[in-house]
Amino acid sequence: MSAEAQPGKKLLVMAADDEVVVTHEDIDRAHDRAKVQSARSGHSLRSRAWLLWLLIGPGILVMLGENDGPSMLSYAATGAKFGIGFFVPFVVLTFGMALVVQEMTVRLGAATHRGHAELIFERFGPFWGWFSMIDLGIGNFLTLITEFIAIRAGLGFFGIPPWASILLALAVLYSALLSHRYWTWERVTLAAAAFNLIFIPVAVMAHPHWGAFGHALLNWKPLPPFGKDTVLIILSDIGATVTPWMLFFQQSATVDKGLTTKDIRYGRFDTLLGAALAAAAAVGAIVATAPLFGRISAENFQAAQFAEALKPIIGRFGASLFALGMVEAGIVASITISTSSAYAFGEVTQRPHSLNLPVNQGKSFYAVLGLCAAAAAGIVLIPGLPLVFVVLIVNVVAVLAMPPALLFLFLLVNDKEIMGEVPSPRWANGLATLVVVLLTAAGVLYGVSVVAPNLFAWMGRL
């Protein structure tokens, strides 16, 4: 056996008559796995804690990343329009739905070492592979626009002009890629994502009635009067929690991180922890804006306007934290969503697609990532763009696009040929089926609200 190193590119390993190409990406993953194996060999509490630290990341990122700009605006509008009541436990339930869905992507990625788009392409053919990639790309691009809208609005609270806000956001996004290492990118993005929890102290500053909050959480209050506004808030909150990009991102990140079937339990814990943290931040946004209930019209409000409305209640400092939370939500989501698009493009076109790649080896991957973000950011600066309308359209697209994406995921995770020793258990299939039914029903509900809007007014009078 002989080996030939080509500095900065790849290592050629010659075994008999076969040539195996070991890429830069493979070497970086091997280093990461060596650390994991070293931590796994220890039996002390410290070793297990270190192993957990090495393996967690994608689940927390995908959940806190989904607490993006339009999502936090949706939660803020929920609190301002309905106060503390039905929607507090409802939002917690939606994160339970997200947990069920994302757990399947962990098992699928660990078992197959393939990204979501790549598996769809392989198992269902090029047509459905390209369909899923284009569908994801359109949805992701629209969502990216809303992330920059949130960043622009949040920084606008501090008097920063739109062009400066957008340039700052792009600078942060591109800076996260400089290391060309998945591990470093993940940790930098996780540090930024942790600021999503800023909505929790903002909620405390609003001095909510904690007895009413506990009662609402433990004793699910009845649904508010049934009307079009209620339906839109329900759909918006669902679309704020469970979206197609999450499936593609976490499965690809699980592969890029190098998780194996031995690591699935850590991936589950990672996803559970992420769901718990994201749910706490989401509920915090609802509680923070609940004092505005009955005082303002929540429609057409953006981040800066919510912060201004909260200033008399929680003070300038609290309002500033709220605005910064919106900025963080937009920046972290812009990083993860643009990466999701780049993963899917690379998987379907069979081009290198990893954050472990240097730019010269992953030109198409980094080009898709960078250009999608730059184009979305540029659109936000168009004078007279109906920003609120764009946010509403994106939330609707997220809800309507989810059932087909879930169907592909369900079929893949039950494919015994690719799942091997970790087939989908019955309880997971049962929960996944329930989630698909609920999301499909939500999409139908929205369709009815568009075709027959007067129907909800009639039902509300019953």
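The values are calculated or read from the model by the stated rules, or taken from the named source; none is laboratory data. These figures come from a predicted structure and were not determined experimentally. So basically every Cβ, Gly included, is an ideal-geometry build from the backbone, and we count neighbours across all protein chains shown.
Among the candidates ARG295, ARG316, the residue that is surrounded by fewer than 22 Cβ atoms within 10 Å (Cβ to Cβ), in the same structural domain as GLY156 (by TED's automatic domain parsing) and modelled with pLDDT of 85 or more is uniquely ARG316.
The set of residues in segment 113-131 that are under 15 Å from HIS353 (Cβ atoms) and in contact (Cβ under 8 Å) with a residue 12 or more places away in the chain comprises HIS113, ARG114, GLY115, HIS116, ALA117, GLU118, LEU119, ILE120, PHE121, GLY129.
Looking across SER334, SER354, one residue alone is at pLDDT 85 or above, assigned by TED's automatic domain parsing to the domain that holds ALA253 and hydroxyl-bearing (Ser, Thr, Tyr). It is SER334. Against the definition (part of a helix (DSSP H, G or I) and crowded, with 22+ Cβ neighbours inside 10 Å), how does LEU247 come out, yes or no? It is true that LEU247 is part of a helix (DSSP H, G or I) and crowded, with 22+ Cβ neighbours inside 10 Å. Residues considered: SER320, SER334, SER340, SER252. Of these, the only one that is in contact (Cβ under 8 Å) with a residue 24 or more places away in the chain, among the hydroxyl-bearing types (Ser, Thr, Tyr) and either more than 25 Å from GLU103 (Cα to Cα) or not in a helix (DSSP H, G or I) (or both) is SER320. Of all the listed residues (HIS215, HIS207), the sole one being on the phi > 0 side of the Ramachandran plot and modelled with pLDDT of 80 or more is HIS207. Has segment 121-129 got any residue that is buried (at least 23 other Cβ atoms within 10 Å of the Cβ) and either touching a Leu at 6+ places or on another chain (Cβ under 9 Å) or among the aliphatic types (A, V, I, L, M) (or both)? No, there is no match, as no residue in segment 121-129 is buried (at least 23 other Cβ atoms within 10 Å of the Cβ) and either touching a Leu at 6+ places or on another chain (Cβ under 9 Å) or among the aliphatic types (A, V, I, L, M) (or both).
A single member of VAL204, VAL231 is in a helix (DSSP H, G or I), of a type in the set (A, V, I, L, M, F, W, C) and closer than 26 Å to LEU406 by Cβ, and it is VAL231.
Being assigned by TED's automatic domain parsing to the domain that holds MET205 and within 23 Å of ALA193 (Cβ to Cβ): is that true of ALA285 here? Judged against the criteria, ALA285 is a match. Among the residues of segment 207-216, those that are part of a helix (DSSP H, G or I) and out of contact with any Lys or Arg (no Cβ under 9 Å at 6 or more places or on another chain) comprise TRP210, GLY211, ALA212, PHE213, GLY214, ALA216. Filtering segment 96-121 to residues that are closer than 21 Å to ARG351 by Cβ and of a type in the set (D, E, K, R) leaves ARG114, GLU118. The condition (being at pLDDT below 85, assigned by TED's automatic domain parsing to the domain that holds SER340, surrounded by 24 or more Cβ atoms within 10 Å (Cβ to Cβ) and small (Gly, Ala, Ser)) is satisfied by just one residue among GLY69, GLY109: GLY69.
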